[in-house]
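Enquirer: One structure follows; several queries about it will come next.
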Amino acid sequence: CNLLKMLKKLLISLDFDGTLFDSARRIATFPELQNIWGEKFNSAFQEFRKQGEFLPHLFATYLYQQGLLASDSTQNLIKHFNQLQRDAAAFVYKDAKEFVGAFPKDMLIILSRAHPEWQIPTIRNSGLYDRVSQVLVVTGDQGKAEVLQKLSLDYSPIFHIDDSPRELEHIQKVPEVKKIFIKRSGNESHIKGDCSNLIQAIAIIQNNLSIV
C-alpha cells in the first residue's frame, strides 16, 4: 500500500470562478443587475442552479420569470455576459498566473462546475487553458467529488482549491483530497478561509508536502 502511494503523483485541482477568475467584479457592474446585486442575486443564482448550470440566456430568462429583471433588459444582460466571456483574460486574478507558474503543468488541472458550452470557451479566453494539463467541466452537486474520486486512484496527494464552501462540502466524501478554502475579499461566507489568495495557497501546499 505504501509502495503504491509512492508511485502516485501529486495533483493540484483548481476551481475557476472566484478562485482563478474574478467574474463577480465585472458582473457587479452590469446595469441590469444593479437593483438585485448582492444577497438577492446570490440567492437567485443558487436557486437557478438547482435546475441546471449557467448559460446567459437561461439565467436571464429565469431572472425575468422571477420578477428580478425587466423584459426589455434580458437581451442586454445576455450581451454583457457574452462580452465578459470574450474579455475573460482581463478578469483573471493576478496571483493566478503566479500560482500556475509555481508548479509543473502536469501537476495542475482546472476542475469547474459549470455548463461546458459556457465554461470551456471562457477558460480558453482567460489564457489559463494551456497552463494546466487538463480542464474538466462538470455539472451537478456531486460532479467535482465524482471526478476527484476517480483521480485519487492515480494521484496522491490531491489538493483542491475552491472558493465555495458548498462545493468543498460535497468533496468531503473523498477523504484522499486535501481541501483548501480560498476566501478572497468580497466572499461573504461566515466560514473561516484557509487562505485569502493563491500565494498563501502555494505555501499551504508546500508546507503539507514537507510533512508528508
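The values are calculated or read from the model by the stated rules, or taken from the named source; none is laboratory data. Quantities reported herein were computed from a predicted structural model and do not represent experimental measurements. Counting neighbours? That spans all protein chains shown, and the Cβs are built from the backbone with ideal geometry, glycine included. Note: accessible area is taken over every heavy atom of the protein model, side chains too, but ligands, DNA and RNA are not part of it. Shrake-Rupley method; radii C 1.70, N 1.55, O 1.52, S 1.80 Å.
Enquirer: Arranged from highest to lowest average of other beta-carbon atoms within 10 Å per residue, in what order do the peptides 48-55, 13-20, 180-187 appear?
Expert: 13-20, 180-187, 48-55
Enquirer: Can you give the calculated 222 nm mean residue ellipticity of the chain, where each DSSP H run of n ≥ 4 adds -39,500 (n - 2.57) and the sum is split over every residue, rounded to the nearest 500 deg cm²/dmol?
Expert: It comes out at -12500 deg cm²/dmol, rounded to the nearest 500.
Enquirer: If one computes P(r) from the Cα atoms of segment 1-83, what percent of pairs lie at distances over 14 Å?
Expert: 70
Enquirer: What residue among ALA70, ALA44, ALA88 has its Cα farthest toward the positive end of the dipole of the chain, where the charges are +1 on Lys, Arg and -1 on Asp, Glu, each on the Cβ?
Expert: Among ALA70, ALA44, ALA88, the one farthest towards the positive end of the dipole of the chain is ALA88.
Enquirer: With just the Cα atoms defining each centre, how far is segment 49-108 from segment 138-155? Give it in Å.
Expert: 23
Enquirer: Specify the angular offset, from 0 to 90 degrees and rounded to the nearest 10, of the alpha carbon long axis of helix 56-65 from the longest principal axis of the alpha carbons in the chain.
Expert: It is inclined by approximately 50 degrees.
Enquirer: Which lysines have a Cα lying under 25 Å from the Cα of LYS50, excluding residues fewer than 8 positions away in the same chain?
Expert: LYS40, LYS79, LYS144, LYS150, LYS173, LYS179, LYS183
Enquirer: Work out the length of the dipole vector of segment 109-202 about its Cα centre, built from +1 on the beta-carbon of each Lys and Arg and -1 on the beta-carbon of each Asp and Glu, and round it to the nearest 20 debye.
Expert: With only Lys, Arg, Asp and Glu charged at Cβ, the dipole is about 160 debye.
Enquirer: Can you give me the convex hull volume of the Cα atoms of segment 131-188, divided per residue and expressed in Å³?
Expert: 103
Enquirer: Per-residue counts of other Cβ atoms within 10 Å, averaged by peptide: what ranking do you get for 76-85, 119-128, highest first?
Expert: Result, highest mean Cβ count within 10 Å first: 119-128, 76-85.
Enquirer: Now for a separate question. Hey, what's the chain come to in accessible area per residue, 1.4 Å probe, Å²?
Expert: That works out to 53 Å² for each residue.
Enquirer: Would you pull out the residues with amide H under 5 Å of LEU10's amide H, same chain only if 5 or more places away, H placed 1.01 Å from N?
Expert: Placed amide hydrogens put SER156 under 5 Å from LEU10.
Enquirer: Let me ask something else about it. Can you check what the net charge comes to around ILE161, using other residues whose Cβ is under 10 Å from the Cβ of ILE161 (Lys, Arg +1; Asp, Glu -1)?
Expert: Neighbourhood net charge equals -2.
Enquirer: Å³ per residue of the Cα convex hull, for segment 38-130?
Expert: Per residue, the Cα convex hull of segment 38-130 comes to 114 Å³.
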